[in-house]
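Participant: Attaching a single structure in C-alpha cells format; questions to follow.
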Amino acid sequence: MHLFDDLIYRTTVFTLNVLEETRAKAIEELQTGGSTIAVKNLQAIQLQKVIIAVGMFSLFESMLQEGLSCRNGFEEAKKILVQAGNITLKNNFEEFICAINVLKHGKGKSYNALVSQSTKLPFKIKLIGENFFEEGDVAEVSTLIEVNDKFVLDCAELIENVSKEIRNERSDFFL
C-alpha cells in the first residue's frame, strides 16, 4: 500500500479535475439559460470541496492517532513539528486545523482565532457582518471559510508535508 499522504494528494487532484470538468459543463449550460439544475450542480461542486477538505483532515487525524499511538493525533503531530524545529509548518498546520474546525462547527474558539489573524491567512475567512465571499456567485455555499481548489490542494499538501516531517523524526511512523 502507498503512503496515505501520497494517496490523499493523488485522490485530491483527481477529484478536483473531475469536479472541474463537471463545473465547466454547468457553466456552459448557464450560458444559454438560467437552469436551476446547473446552479444546484455548481453549488454541489462547492459543497463537495468542503467535504473533501474536512474528510481528508478527519481521516488524517485518525491515522495520526493510530500511527503515533496517541489520543490526540494533531496535538502529537504539532509537538513533533516543534521538536523538529519546524515552527512555520506547525503554525500553518494549526491554521488549517482551525479552518477545518470552523467548517465543521461554525463560529467558536477556532473561528475567533482565525478572525484575529485574518489578514495573514493563506485562505479567506468570512468576517462578522460579511454574507458572501463574492456577491453574485451562484455557486457559493454557506461556509465561513472559502473552500476553493487552492484551499483543498493546500490541505493535501500540508498533510503530505506534516507526514514527511513526522517520518523524518520518527522512523517507525508509516502512514
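The values are calculated or read from the model by the stated rules, or taken from the named source; none is laboratory data. The structure presented is a predicted model; accordingly, all values stated were derived computationally and were not measured. Positions of Cβ are backbone-derived with ideal geometry, glycine not excepted, and every protein chain shown enters the neighbour counts. Surface areas here come from the heavy atoms of the whole protein model, side chains and all, with no ligands, DNA or RNA. Shrake-Rupley method; radii C 1.70, N 1.55, O 1.52, S 1.80 Å.
Participant: How big is the convex hull of the Cα atoms of region 8-58, per residue, in Å³?
Facilitator: 50
Participant: Still on this structure, I have one more. Can you work out ³J(HN,Hα) from phi for every residue in region 18-24, in order, using Karplus 6.51 cos²θ - 1.76 cosθ + 1.60 and θ = phi - 60°, giving whole Hz and x for Gly and Pro?
Facilitator: 5, 4, 5, 4, 5, 4, 4
Participant: Apply the Karplus parameterisation 6.51 cos²θ - 1.76 cosθ + 1.60, with θ equal to phi minus 60°, to every residue of region 116-125 and state each ³J(HN,Hα) to the nearest whole Hz, in sequence, with x for glycine and proline.
Facilitator: For region 116-125, the Karplus-derived couplings read 5, 10, 4, 6, 9, 6, x, 8, 8, 10 Hz, x marking Gly and Pro.
Participant: Let me ask something else. Determine ³J(HN,Hα), in whole Hz, for all residues of region 94-111 in sequence, where each value follows from phi through the Karplus function 6.51 cos²θ - 1.76 cosθ + 1.60 and θ = phi - 60°; x replaces Gly and Pro.
Facilitator: 4, 4, 6, 4, 4, 4, 5, 4, 5, 5, 7, 10, x, 5, x, 4, 5, 4
Participant: Could you give the distance between the Cα centres of region 100-128 and region 1-68, to the whole Å?
Facilitator: With region 100-128 and region 1-68 each reduced to a Cα centre, they are spaced 21 Å.
Participant: Moving on. Give, to the nearest whole percent, the P(r) tail of region 55-137 beyond 21 angstrom, counting all Cα pairs.
Facilitator: On the way: 1286 of 3403 pairs.
The share of Cα pairs beyond 21 Å in region 55-137 comes to 38 percent.
Participant: So if R0 is 41 Å, what FRET efficiency would Glu29 and Leu153 give, r being the distance between their Cβ atoms, rounded to the nearest 0.05? Provide the component values of the computation, followed by the final result.
Facilitator: Working: r = 26 Å, r/R0 = 0.64.
According to the calculation, E is roughly 0.95.
Participant: Once neighbouring chains are kept in place and the probe is 1.4 Å, which whole percent of the accessible area of the chain is contributed by carbon and sulfur? Mind showing how you got there, number by number?
Facilitator: Numbers: 5060 of 9990 Å².
So the carbon and sulfur contribution to the accessible surface is 51 percent.
Participant: Any chance you could get the radius of gyration and Dmax over the Cα atoms of region 19-103, in Å?
Facilitator: Answer for region 19-103, Rg first and Dmax second: 18.7, 57 Å.
Participant: Per residue, how many Å² of accessible area does region 126-175 show with a 1.4 Å probe? List each step's numbers first, then the result.
Facilitator: Numbers: 2780 Å² over 50 residues.
Accessible surface, normalised per residue, equals 56 Å².
Participant: Using only alpha carbon pairs under 8 Å that are at least six residues apart, calculate the relative contact order of region 1-141 and give it in whole percent. The partial results should precede the final answer.
Facilitator: Numbers: 83 pairs, mean separation 28.4, N = 141.
It rounds to 20 percent for region 1-141.
Participant: In nm, to one decimal, how far is the Glu160 label point from the Ile87 one, both placed 7 Å along Cα→Cβ?
Facilitator: Going by the 7 Å Cα→Cβ label model, 2.7 nm.
Participant: Tell me the label only: which of (i) 1.02; (ii) 1.26; (iii) 0.99 is Rg/Rh (Cα atoms, Kirkwood Rh) as calculated from this structure?
Facilitator: Identified label for the calculated read-out: (i).
Participant: Which far-off residues, 5 or more places away or on another chain, put their amide H under 5 Å from the one on Ile145, with H placed in the peptide plane?
Facilitator: Sorted by chain and number, the residues that satisfy this are Lys126.
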